[in-house]
1. Determine whether Leu37 is of a type in the set (A, V, I, L, M, F, W, C), modelled with pLDDT of 95 or more and surrounded by 10 or more Cβ atoms within 10 Å (Cβ to Cβ).
2. Can you tell me which residues in region 2-20 are part of a helix (DSSP H, G or I) and loosely packed, with under 10 Cβ neighbours inside 10 Å?
Amino acid sequence: MAMPWETAASIAHNVFLLLDGWVWTCVLAADEAARLLRSATH
């Protein structure tokens with residue numbers, strides 16, 4: 001039983017948004033950690 005294209009596209013879009021938000025959060029956390037490490041060593 002195949003999914004309609006609209007349903008598949010909607011699921012793919014939601015998964016992309018979820019992953020994009022997760023990656024952005026990791027980037028921000030890593031940037032903050034690097035900033036804290038730089039300020040601790042100087």
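1. It is false that Leu37 is of a type in the set (A, V, I, L, M, F, W, C), modelled with pLDDT of 95 or more and surrounded by 10 or more Cβ atoms within 10 Å (Cβ to Cβ).
2. Trp5, Glu6
The values are calculated or read from the model by the stated rules, or taken from the named source; none is laboratory data. A quick note: this is a predicted structure, and the numbers were derived from the prediction, not measured. Cβ coordinates were reconstructed from backbone atoms using ideal geometry, including for glycine residues, and neighbour counts include every protein chain displayed.
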